[in-house]
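Visitor: Supplied in structure tokens, the structure appears directly below.
What follows draws every value from the coordinates through simple rules; no lab data is involved. All figures in this text were calculated on a predicted structure; none of them were measured in a lab. Backbone-built Cβ (ideal geometry, glycine too); neighbour counts: all protein chains shown.
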Amino acid sequence: MKELAVAEPWAHSGGHLLADHLKAVAAGASEFSSRFDAAEPALRWAWLAGLWHDLGKYRPGFQMYVRLADNPDAHIEGKVAGREKTHSAAGALWAMQRLEKSHGAKGKLAAHVLAYLIAGHHTGLADWHEGLKQRLNDPDSVQELQEALAASPPGELLEPGGFCPDLRSIPGGADGFALWVRMLFSCLVDADFLDTEAHFDVGKPAHREGFPPLAQMRQVFDAYMAALPVACTPVNTLRADILRQCRAKASLPAGFFSLTVPTGGGKTLSSLAFALEHAAAHGQRRIIYAIPYTSIIEQTADVFRKVFQSLGDEVLIEHHSQADAAEKDETARSRLACENWDAPLIVTTNVQLFESLFAAKTSRCRKLHNIAGSVIVLDEAQQLPPTFLQPILDVLNLLVAHYGVTVLLCTATQPALSSTRYFDASKNLRGLENVREIIDAPDALFDALKRVEVELPADWHTPISWADLAAQLSAEDCVLAIVNTRKAARELQRLMPEDTLHLSALMCGAHRKDVIADIKQRLQARRDGHDLRPLRVISTQLVEAGVDIDFPVVYRALAGLDSIAQAAGRCNREGRLPGKGRVVVFVPPTPAPPGHLRKGADACISTLHGQAHDPLARGLFERYFQDFYRAVNLDEKGIVDLLKVEPRALAVKFRSAAEKFKLSDDEDQASVVVRYAAHRDAIEKWLATLAAEGPQRWLMRKLQRYTVSIPKRQADKLLQQGSLTLPMPGLYVLKDTDNLYSNILGLVGDDDLYNPSGFAL
């Protein structure tokens, strides 16, 4: 018996039995898919994909290699050379042959779904034409299946059981085919990764957080809000009413909701209250809070951690890291360390959420099945990327209609995306279906919360110099200035008094958190009369959402009208001034970066011409967004057409769509860990763990707060210069913090280190 056991095929090095792995992955994938497919487990697509995904590992050549190599990376296609070591085509071909035998031509066609999943579980979802079709017809793939079958896998692993390939029940029909396949792919990949993780981590601390259930978090939230000391002010009275309405509307049927609240209206906690109540009422499993900018995630996550502090520090996942290895650089550890969003509360970026929903890569798709049955809160919904707006709205409609998702759109400015009357009719925008407004009288609310006067430029086409602007700011005793790029923030900073504070995403999250805490403390001390020092702050737009600061004067570089409104939300936020706060809009020396930011600025000029008396009137935003969207192609990359399914072959261009769906102008971002001086000991400890044990999800989550995202080309340049190390694929580490990381400016290795996209500032 001992000899027989030794001869049993392995899935991975270290004696992980292949038959056990296939059964476990089939069971896990089936369980995951049950959340959006109510059929019996044996009838599920994900079950069969799991059962056959590693069928090719029965090949003698693979078995010989995986034993001799004793390498955790041995099973990863692309990491090892030699045709005998590939394995993912065999199961795809077997699916097509076996289902054709049992169900004829319809079965063979339906098996294309399984072919996408199985053949892509290492290298990602492929295009059918000029991709997967050719691969499956390749003689090497045919030989792969023949060799696997010749090894006589157990018969129970080769039979589809009661599986019936019915394509008539696809969620959303033809329009929903691509998302459905990605959801099934997610189930397969996550089940595969989890079973592999369990094998490789046997005997080691798992470091997997025991997250509290949403029901418990709801109780803690209610207790926190009840105990919160609230000053009796008109602003707080309005916030309490907003919270009440959010709770009252949470029992309504799942679907789309809009929370239209002016900045300073307590939107963050009110939206969380709605999400917790709504999830409890409808049995939803998690809340996904998506934010436009990487740089403000920390502030929102910290608010939530404060609320749930009695449940421990690891109450949520804060996910915005760009530390994903390229497929060719993946290792067993890097694959397992990618996020699967298995917590009840996720705080993430629009980039992570939507690029994952259109992804082809295994590491990005892994989390998708956990989006089913969730409440998605889109903070600052007006910041949805306009050139990708149509495919985003399409996928949100599918999630709500077929995957048990509720979407809450939080905005202070944008008209509901359910209506096309705000957009160019020729663009034929398909809006969101049946969006329900939570606030009963938003116009009255906006009037009640008007706390600022806005000063517009006398001439929209004559810029002010940085030197003149610095002189104006230096004459102010307490002022916040917001500019459009990191580079502009640095140029202005150089001209300001030495004690001027600075905020940009070239500072790591922990650094920004400390500076914002200092700003808040000094603002409070000024109000109490304890600190009379001048307080001047230069920032990128990262302070425009999710950052609760309250200045008497705010300067804002010309940008979209929605950005100006957000900046105004940092001025007289609590209504404490005897009069109104002062918001000054100026034309900067350098225009907004080309693309949607510049088009937003142009639309702002057009909208505000002759409107100096009330530039933030709600009615103007309809005109602004109409002008803005008229100037933008709402599906610039043709994503909708790429994801249309060709019925005769079930052909979809998954990889092409994923490659084109990039929300950042800079296609390839890199994460750099900095040794932020204030937390250096902890950082060194985690980096030592990374070097000793490799990447793990808990560890990557710890390091995330000490990362800075920069263009990969710049990271590679600094790597060549010896300024960075690369301890794992996709993650860089700064070596010389003293020279390259400033306690004022953050990462200072290159003046070109800024992202002009507007989505990660």
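Visitor: Of the beta bridges DSSP finds with both residues in the stretch 664-747, what % are antiparallel, to the nearest 5?
Guide: Values: 10 of 13 bridges.
Expressed as a percentage, antiparallel bridges in the stretch 664-747 total about 75.
Visitor: Quick one: putting +1 on the C-beta of Lys and Arg, -1 on the C-beta of Asp and Glu, what dipole do you get for the stretch 89-137 around its Cα centre, in Debye to the nearest 20?
Guide: So the magnitude is around 220 debye.
Visitor: Oh, and also: How big is the chain by Rg and Dmax over its Cα atoms, in Å?
Guide: So, for the chain, Rg and Dmax equal 27.0, 89 Å respectively.
Visitor: Report the charge-dipole magnitude of the chain in Debye, nearest 20, computed about the Cα centre from +1 at each Lys and Arg Cβ and -1 at each Asp and Glu Cβ.
Guide: Numbers: 84 positive and 92 negative charges, 128 e Å.
Here the chain has a charge dipole of around 620 debye.
Visitor: Whose amide H sits under 5 Å from the amide H of Leu17, counting only residues 5 or more places off or on another chain, with H placed in the peptide plane?
Guide: Ala11
Visitor: With a Förster radius of 22 Å, plug the Cβ-Cβ distance of Ala240 and Lys513 into 1/(1 + (r/R0)^6) and report the FRET value to the nearest 0.05. Display every interim value, and only then the final one.
Guide: Details: r = 28 Å, r/R0 = 1.25.
Efficiency computed from Cβ-Cβ geometry: 0.20.
Visitor: May I pose another question? Give me the extension gain from Arg680 to Arg713: residue separation times 0.36 nm, minus the current Cα-Cα distance, reported in nm with one decimal. Intermediate results must be reported in sequence, preceding the final value.
Guide: Values: separation 33, 0.36 × 33 = 11.88 nm, distance 2.66 nm.
The Arg680-Arg713 span can extend by a further 9.2 nm.
Visitor: Among Ala115, Leu473, Leu687, which residue has its Cα positioned farthest towards the positive end of the charge dipole of the chain, with +1 placed on the Cβ of Lys and Arg, -1 on the Cβ of Asp and Glu, and the dipole taken about the Cα centre?
Guide: Leu473
Visitor: Please report Arg527, Arg135, Arg573 as a ranked list, fewest other C-beta atoms within 10 angstrom at the top and most at the bottom.
Guide: On the way: Arg527 13, Arg135 17, Arg573 21.
Final ranking by Cβ density, sparse to dense: Arg527, Arg135, Arg573.
Visitor: Counting just the Cα atoms, what span does the stretch 483-535 cover along each of its three principal axes? Round to the nearest Å and put the largest first.
Guide: Dimensions of the stretch 483-535 along the principal axes of its Cα atoms: 35, 25, 17 Å.
Visitor: Still on this structure, please answer the following. Nearest 5 percent is fine: what portion of the DSSP beta bridges confined to the chain is antiparallel?
Guide: Details: 14 of 65 bridges.
Once the DSSP bridges in the chain are tallied, antiparallel ones form about 20 percent.
Visitor: If you rank Thr86, Thr590 by fewest surrounding Cβ atoms within 10 Å, what's the result?
Guide: Working: Thr86 21, Thr590 14.
Listing Thr86, Thr590 from fewest to most nearby Cβ atoms yields Thr590, Thr86.
Visitor: Quick check of the Kirkwood formula: for the stretch 611-673, what is the inverse mean of 1/r over all pairs of different Cα atoms, in Å? Intermediate values should be presented prior to the final figure.
Guide: Values: mean 1/r = 0.0643 Å⁻¹.
Averaging 1/r across every pair of different Cα atoms and inverting gives 15.6 Å.
Visitor: Hey, fewest Cβ within 10 Å first, where do His461, His596 land in order?
Guide: On the way: His461 7, His596 22.
With the fewest neighbours first, His461, His596 line up as His461, His596.
Visitor: For Ala525 and Ser742, compute 0.36 nm times the residue count separating them, minus their Cα-Cα distance, and round to one decimal in nm.
Guide: Working: separation 217, 0.36 × 217 = 78.12 nm, distance 2.62 nm.
So the extension gain works out to 75.5 nm.
Visitor: With θ set to phi - 60°, apply the Karplus curve 6.51 cos²θ - 1.76 cosθ + 1.60 along the stretch 183-188 and write out the HN-Hα couplings as whole Hz, x wherever there is a Gly or Pro.
Guide: With the stated coefficients, the stretch 183-188 comes to 5, 4, 4, 4, 4, 5 Hz.
Visitor: Can you tally the net charge around Ala174? Count Lys and Arg as +1, Asp and Glu as -1, for every other residue whose Cβ sits under 14 Å from the Cβ of Ala174. List each step's numbers first, then the result.
Guide: On the way: positive: Arg168, Lys644, Arg648; negative: Asp175, Asp394, Asp641, Glu646.
Residues close to Ala174 contribute a combined charge of -1.
Visitor: Give me the distance in nm between label points sitting 7 Å out from Cα along the Cα-to-Cβ direction at Leu17 and Ala280, one decimal.
Guide: 4.6
Visitor: Let me ask something else about it. Using a Debye calculation, one point per C-alpha and no hydration shell, please list log10 I(q)/I(0) for the stretch 2-200 at q = 0.10, 0.18, 0.19 Å⁻¹ in order.
Guide: Debye output, listed in q order: -0.37, -1.27, -1.42.
Visitor: So, in Å, what gap is there between the alpha-carbon centers of the stretch 488-506 and the stretch 361-419?
Guide: A separation of 35 Å, based on Cα centres.
Visitor: Once the Cβ-Cβ distance between Glu433 and Glu574 is put in as r, and R0 is 45 Å, what FRET efficiency do you end up with, to the nearest 0.05? List each step's numbers first, then the result.
Guide: Details: r = 37 Å, r/R0 = 0.83.
It comes to 0.75.
Visitor: About the Cα centre of the stretch 450-617, how large is the charge dipole given +1 on each Lys and Arg Cβ and -1 on each Asp and Glu Cβ? Please answer in debye to the nearest 20. All intermediate terms of the calculation are to be shown ahead of the outcome.
Guide: Numbers: 22 positive and 20 negative charges, 67 e Å.
The calculation lands at about 320 debye.
Visitor: Something else: Give the calculated FRET efficiency between Thr462 and Lys644 to the nearest 0.05, with a Förster radius of 41 Å applied to their Cβ-Cβ distance.
Guide: 0.30
Visitor: Continuing with this model, one more query. May I ask for the Kirkwood hydrodynamic radius of the stretch 450-617, worked out over all distinct Cα pairs and given in angstroms to one decimal?
Guide: Its Kirkwood hydrodynamic radius stands at 16.1 Å.
Visitor: Further question: Where Rh denotes the Kirkwood radius from the mean inverse Cα pair distance, what is Rg over Rh for the stretch 664-747? Intermediate results must be reported in sequence, preceding the final value.
Guide: Values: Rg = 12.4 Å, Rh = 13.1 Å.
Expressed as Rg/Rh, it is 0.94.
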